[in-house]
Structures are given as structure tokens and as C-alpha cells.
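Undergrad: I'd like to ask some things about the structure below.
The values are calculated or read from the model by the stated rules, or taken from the named source; none is laboratory data. Please read all numbers here as calculations on a predicted model, not as lab measurements. All Cβ positions, even for glycine, are placed from backbone atoms using ideal geometry, and neighbour counts span all protein chains on display. Surface areas here come from the heavy atoms of the whole protein model, side chains and all, with no ligands, DNA or RNA. Shrake-Rupley method; radii C 1.70, N 1.55, O 1.52, S 1.80 Å.
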There are 2 protein chains.
Amino acid sequence: MTAFTATVTVRLKHGVLDPEAETTQRSLERLGFELEDLRSADVFELDLDAESAEAAADRADEMAERLLANPTIHDYDVEVDRRE
Amino acid sequence: MTAFTATVTVRLKHGVLDPEAETTQRSLERLGFELEDLRSADVFELDLDAESAEAAADRADEMAERLLANPTIHDYDVEVDRRE
């Protein structure tokens, strides 16, 4: 078994309203910053042991499908790195 | 001016309790997944126009300092990419 960290990034699908991001953008603009757009995402860093990077990615994928992301409104991607 | 996307990742400092991450980890374990650790982070993707990648990073840095991160409990890092 090898130690991996799988990074799962969960984003709202294009077209899904994100009032929190809008509020953040407006607050930054009120502070004088100019922005074209602001998007927010949630990141989960999962430390797990697996036979291979592929097996770690498969497991992270399953965790995203079952709990971390809501497929109706979210897209997600998974990146796997070896953990020291 | 060039179009950039600055990605600001905001993490809790080491040692700061993260009950949300703990709950998420426990829920995954209840579903049968084995995990060594789970950490969560917030990501803000900022689309902005700037003279250079360095200027874009400086501005994203300032936004993190002033609003996106709380320096008492958060660390953050900034990555800048050219936007198409």
C-alpha cells in the first residue's frame, strides 16, 4: 500500500446561481478591487492508502459521487499525488 | 492589460479545529471508506485584468489579506494563470 493524497475540487455547475460568490465579489468591489468574475469552489484533501494512484483516484471519485458533491448542481475533479 | 485568473486557496492553519472536515470524514467512514485524514479548503477563482502576472498575483494577495482569508486562523496561497 502506498500513501496518497487525493484532492477533490467541487464546483457549482455553469448556470447554477452562487449568491455567496456574488456577495464576495461585491464586497471586494466595494473595497476598490476591479474584478471580471469570481467563482468559489470547495476542496477536500483526502489522505488515503491504496495499491496505486489509479485505485486512489477511483476511491476519491466514489467518495465525491456518494457524499462530497451533489451531481444535480456540482461538477468535480480529482487529482492524486503521492504523500510523503 | 492581459486577462488572468488568480486562484486563491484558503486553508485553516495547522492546529485550528475543523469540525466540518471531521464530520465529513466520519460520514465517509460510516459509508465504508478508509481515510487517514481529511482537510477542507476554500478556493476563490478571480478573473481580473492586469499589466502582468506579477501584478495580478499582488492584487489577489491583497484581496486575500483584506477579505478572503482571516490571518488569525487561515493560511492562503495564490496561483495565477493567463485566461483565454
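Undergrad: Give me the accessible area of residue A:39, 1.4 Å probe, in Å² rounded to the nearest 10.
TA: 80
Undergrad: Oh, and also: Taking chain B as a Gaussian network, Cα atoms linked when under 10 Å apart, which of B:22, B:54, B:36 shows the biggest mean-square fluctuation?
TA: Answer for the Gaussian network model of chain B: B:36.
Undergrad: If we hang a label 7 Å off Cα along the beta carbon direction at residue B:31, how far is it from the matching labels on the other copies, in nm, shortest first?
TA: 3.4
Undergrad: Over the Cα atoms of the stretch A:2-82, each weighted equally, I'd like the Debye log10 I(q)/I(0) at q = 0.16, 0.23 Å⁻¹, rounded to two decimals.
TA: -0.67, -0.97
Undergrad: A further question on this structure: What's the extension gain from residue B:82 to residue B:61 if we count 0.36 nm per residue and subtract their Cα-Cα distance? Mind showing how you got there, number by number?
TA: Working: separation 21, 0.36 × 21 = 7.56 nm, distance 1.66 nm.
Going from the current span to full extension adds 5.9 nm.
Undergrad: What does the buried accessible surface come to for B and A, summed over both chains, with the probe at 1.4 Å? Round to 100 Å². Numbers along the way, then the final one.
TA: Working: alone 6460 and 6440 Å², together 10080 Å².
It comes to approximately 2800 Å² buried between B and A.
Undergrad: Same structure, new question: Roughly how much of residue B:13 is accessible, in Å² to the nearest 10, using a 1.4 Å probe?
TA: 70
Undergrad: Let me ask something additional. Please give the Cα centre distance for the stretch A:16-84 versus the stretch B:2-62, rounded to the nearest Å.
TA: Comparing the Cα centres of the stretch A:16-84 and the stretch B:2-62, I get a distance of 8 Å.
Undergrad: Calculate, for residue A:30 and residue B:37, the FRET efficiency according to 1/(1 + (r/R0)^6) with r their C-beta to C-beta distance and R0 30 Å; round to the nearest 0.05.
TA: On the way: r = 37 Å, r/R0 = 1.25.
Between residue A:30 and residue B:37 the formula returns 0.20.
Undergrad: Here is a further query. If you consider only alpha-carbon coordinates, what radius of gyration and Dmax does the protein assembly as shown have, in Å?
TA: 17.0, 51
Undergrad: Can you give the angle from 0 to 90° between the axis of helix B:53-63 and the longest principal axis of chain B, with both taken from C-alpha atoms, to the nearest 10?
TA: Taking Cα atoms only, the helix is inclined about 60 degrees.
Undergrad: Additional query: R0 = 22 Å: FRET efficiency of residue A:18 with residue B:51, Cβ-based, nearest 0.05? Each step should come with its number before you reach the end.
TA: On the way: r = 29 Å, r/R0 = 1.31.
Efficiency, from the Cβ-Cβ distance: 0.15.
Undergrad: Give me the 1.4 Å probe accessible area per residue for chain B, excluding ligands and nucleic acids, in Å². Don't skip to the answer; put the middle values down first.
TA: Numbers: 5050 Å² over 84 residues.
Each residue of chain B exposes 60 Å² on average to a 1.4 Å probe.
Undergrad: Would you look at the GNM of chain B, springs on alpha carbons closer than 10 Å, and say which of B:56, B:69, B:21 moves the most?
TA: The residue with the greatest mean-square fluctuation here is B:21.
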